[in-house]
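Visitor: I have a structure I would like to understand better, so I am pasting it below and will then ask my questions one at a time.
None of the figures in this text is laboratory data; all of them are computed from the coordinates on show. Remember, predicted model here, so these are calculated numbers, not experimental data. Positions of Cβ are backbone-derived with ideal geometry, glycine not excepted, and every protein chain shown enters the neighbour counts.
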Amino acid sequence: MFEKELQLIGLASKLLNNVPSLGRPQRSYHEPNQDQRAVAVRTQALLSVRALSGSVTVMIGTRGTGKTTLEHRMAEFFGRKTYCISPEQKPPHWIEPLQFDAIETITPWSTIIFDDLPAYASNRDYNNQLVESLERLIPMCRHKKHLHLIFGSQSAAQADKYILDCDLAFLKPLGLLMADVERPFIAKLYRDYVNPFFDNKTDDFIHRHAWMISRLYKGPISISKVTNVSVVTKDGIVGVDESTPTESSDNNTDVSSFDV
């Protein structure tokens, strides 16, 4: 009977609780600070890619920097049935292994992870038919197949030109000799932003962070290991229990995969 009135009283109480004390200047609760703005931009950048019917995401970094973990987190975030082509690693139980020559049979509205891309598609003179099938798939992923494609590579110099026309990129430290053969514009990104961010950092820090590039945001981001058991630690990093792979029941994870 008094539902609207009770709602107004509750709203008024919340507003009163947010009134700053007299004589003690405080930031208005309507005015977000710099960190809050950054969180909002990062969140919007991730959600805008997930909202696309199809997309290309690229992970670049040397072995052991956490690319595979990041690939799995992005697949969770996209929330679709996920397939993985991996020459070396067995994917978690919620990801279905896939043979390279079967990529054109994948049903639309899926996610495909190409782990360690140069292992099977870096040399155009080798197994050219498979490389051509990949080149056909990439332009179709956004419009015809509606696929989220996730590529892992140790260097952009080893990646196809279509892959570099991506919607989202995550950069991690390069190998000792890879930096000298990197594409010029990627090398500049590393020199100006990525390398200073990762300099003198521990292996654990490197594994849990990446330099993210999208149309809306360019900057660092940290990655949780799984999203089903997440807690925010004192330094703002999402801490998790790595022992249990995540399998979303409603197939619709949120940005808790990342410490946005």
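Visitor: Which links in Lys81/Lys218; Lys90/Lys201; Lys172/Lys218; Lys172/Lys201; Lys188/Lys218; Lys145/Lys218 stretch past 21 Å when you go from one Cα to the other? Let's see the in-between values first.
Guide: Numbers: Lys81/Lys218 28 Å; Lys90/Lys201 28 Å; Lys172/Lys218 14 Å; Lys172/Lys201 12 Å; Lys188/Lys218 14 Å; Lys145/Lys218 28 Å.
With Cα atoms farther than 21 Å apart: Lys81/Lys218; Lys90/Lys201; Lys145/Lys218.
Visitor: Multiply the residue gap between Phe205 and Glu135 by 0.36 nm, knock off their C-alpha separation, and tell me the result in nm, one decimal place. Before the final figure, lay out the partial values.
Guide: Values: separation 70, 0.36 × 70 = 25.20 nm, distance 3.44 nm.
Stretched out fully, the Phe205 to Glu135 stretch lengthens by 21.8 nm.
Visitor: Return the inverse of the average 1/r over all pairs of distinct C-alpha atoms in the range 37-118, which is the Kirkwood hydrodynamic radius, in Å to one decimal.
Guide: Details: mean 1/r = 0.0722 Å⁻¹.
Computed over Cα pairs of the range 37-118, the Kirkwood hydrodynamic radius comes out at 13.9 Å.
Visitor: Going by how many other Cβ atoms sit within 10 Å of their own, how do Phe205, Phe100 line up, fewest first? Intermediate results must be reported in sequence, preceding the final value.
Guide: Working: Phe205 13, Phe100 16.
Listed from fewest to most nearby Cβ atoms, that is Phe205, Phe100.
Visitor: Could you give me the ³J(HN,Hα) list for the range 71-80, computed from phi with Karplus coefficients 6.51, -1.76, 1.60 and θ = phi - 60°, whole Hz, x at Gly and Pro?
Guide: 4, 5, 5, 5, 4, 4, 5, 5, x, 10
Visitor: Between Arg215 and Ser53, what is 0.36 nm times their sequence separation minus the Cα-Cα distance? Round to one decimal in nm.
Guide: On the way: separation 162, 0.36 × 162 = 58.32 nm, distance 1.65 nm.
Taking Arg215 through Ser53 to full extension adds about 56.7 nm, to one decimal.
Visitor: Now, a different point. In whole Hz, with x marking every Gly and Pro, tabulate ³J(HN,Hα) for the range 37-47 from phi via Karplus 6.51 cos²θ - 1.76 cosθ + 1.60, θ = phi - 60°.
Guide: So the Karplus estimates, Gly and Pro as x, are 5, 5, 4, 4, 5, 4, 4, 5, 5, 5, 5 Hz.
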